[in-house]
1. Only sites in a loop by DSSP and with at most 16 other Cβ atoms within 10 Å count here; which GluC sites (Glu not before Pro) in the range 408-441 make the cut?
2. Evaluate the distance, in nm, between pseudo-label points positioned 7 Å from the Cα of A42 and of Y74 along their respective Cα→Cβ axes.
3. Shape call for the range 226-378 from the C-alpha gyration tensor, a ≥ b ≥ c root eigenvalues: rounded (a/c under 1.5), prolate (a/b greater than b/c) or oblate?
4. Set Lys and Arg Cβ to +1 and Asp and Glu Cβ to -1, take the dipole of the range 9-129 about its Cα centre, and tell me which of V60, S81, L47 lies farthest positive.
5. Let me know the charge dipole size of the range 226-378 about its Cα centre in debye, to the nearest 20, where only the beta-carbon of Lys, Arg (+1) and Asp, Glu (-1) is charged.
6. Could you rank the peptides 72-82, 236-246 by their average count of other C-beta atoms within 10 Å per residue, with the highest value first?
7. Using a Cα-Cα cut-off of under 21 Å, which lysines could be cross-linked to K237, ignoring same-chain neighbours fewer than 8 residues away?
8. Quick one: net charge of K341's neighbours, Cβ under 9 Å, K/R +1, D/E -1?
Amino acid sequence: MYGALEDTIAALASPPASAVRGVIRVSGPGTVRCLARCVRLAGDQRLDTCRRPTRFDGDVLIAAPLATLPCQIYLWPTHRSYTRQPAAELHTLGALPLLEAALAALCQAGARLAWPGEFTLRAFLAGRLDLTQAEAVLGVIEAETEGELQVALSQLAGGLGTPLQQLRGELLDLLAHVEAGLDFVEEDIAFITTEALAEQLRRAADAVQSLLQQLTARAEVRHRPRVVLRGAPNAGKSSLLNTLVGADAALVSTEPGTTRDYVAKPFRWHGVEGVLIDTAGLTHRAESDAVDDAAQHVTRQQLRAAALELLCLDASQPQATGQDPWLSTPPTGQRLVVWTKGDLAAPATTGQPGALVTSSRTGLGIADLRCAIARVLADRPVPVVAAVASTAARCHACLHAAWHGLQQAREIATERGGEELVAAELREALDQLGQVVGAVYTDDILERIFSRFCIGK
Ligand SMILES: Nc1nc2c(ncn2[C@@H]2O[C@H](COP(=O)(O)OP(=O)(O)OP(=O)(O)O)[C@@H](O)[C@H]2O)c(=O)[nH]1
Ligand SMILES: [Mg+2]
């Protein structure tokens, strides 16, 4: 799908909407020639004699009736650019029709429109980025939350690529030792002792394992922490969710058993993000129908995945005392006890010190509850991770195969099963690690990664 690297490509790099400024990116060997044909510079400046990154003022020559469009050109005339090719950015007014006219002028002057991700693909092929970093660029573009952005940025700075490259380097040295030993097998010269070989393989396998754990933890970050409302039917859970998130997201009624399926609303309170989930009230009824059973099943599933459970006790119900039977079932994550309908009656707080009293009707205790939820979630240990989700998915299989190869190699080495076999397993592990950082890549890997980019990146 991607064209030749010799093509000069151009694309809109700013969002395709009206804004104060719009940016068009150009890259390719013909960048200067192409710009010179469709731009008139102010004063006696020249593009073709430019040897270092420079800013120019001028006009793009576009079709009538406007004819000229004022712009600034940032030119990287040598390989010292993002794509390691001559490249430029054209900054001008951010009106979409004007930007399209400027793009058309560039295309008439010899450029072609870039494919999605083609700039980053060129940066990758030029060795400026490894695949994990290329995917991090994608992660930065796609990040929905601050947490995701942080992970993508740290990956861009080499969070995952650096330890992987280092590990690959060490294993290449090790392979060289093993293979050198194979060449001198007749002379009985060993370049590395069996014990040292097994030890290095063990350490490498541990390092891969730890990267695998980081990737798994990453998946958790993508799914924000879940805060699940739990309680008896009619306890006021749905009303509480609506009041907490400030929207009529869940259905409320006087009828017990209103909520069947769960309702999830993302939130961000005091800088802490999560998803608030309303569930069907848990019952201990002897008789139930299939829908009831399904609803109870969904509730239990949500509770199992909860980072925090809000146990809702109805203050207006005489049986909802501090000894409520709900309290005897332990939560999977953490638990906060919340009295609902605090406007109707003072709760029997005995045995429940620290429980929050709330009312969805009057707003009593709601701000305090948001604060308490944020505090519990903020205190959770945050996994130290360095991968965006797409890398995680792609890397998992490769890292696992690499770990397996290293384990096999270690076992063979320990049992003195033959250095040829150790070398073969090591080569397989190296190949798998190479796929993660892009030292080994195939067209379909590239296609899969870069086709997900937006145009202009
Ligand atoms: N006075 C008062 N009534 C409330 C409050 N919260 C909920 N209610 C009422 O209690 C009833 C049940 O509220 P829901 O929010 O539907 O309770 P639920 O726990 O989600 O019920 P299920 O759908 O059966 O799970 C409704 O009639 C609400 O208007 C409150 O803070 N004060
Ligand atoms: Mg409900």
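The values are calculated or read from the model by the stated rules, or taken from the named source; none is laboratory data. Only a predicted model underlies this, so the values are computations on that prediction, with no experimental measurement involved. For neighbour counting, all protein chains shown are included, and Cβ atoms are generated from backbone atoms with ideal geometry for every residue, glycine included. Quick note on the areas: whole protein, heavy atoms, side chains included, nothing else; ligands and nucleic acids left out. Shrake-Rupley method; radii C 1.70, N 1.55, O 1.52, S 1.80 Å.
1. Numbers: sites: E411, E415, E419, E420, E425, E428; in loops: E415.
Those satisfying the criteria are E415.
2. Each label point is offset 7 Å from its Cα along the Cβ direction, giving 1.8 nm.
3. Numbers: a/c = 1.36, a/b = 1.12, b/c = 1.21.
Rounded is the answer for the range 226-378, as its axis ratio a/c remains below 1.5.
4. Final value for the positive-end residue is S81.
5. Around 480 debye, computed over the range 226-378.
6. On the way: 72-82: 17.5, 236-246: 22.6.
Put in order of decreasing packing, that is 236-246, 72-82.
7. Excluding near neighbours in sequence, the set is K265, K341.
8. Details: positive: R361; negative: D314, D343.
Once all neighbours under 9 Å are counted, the net charge is -1.
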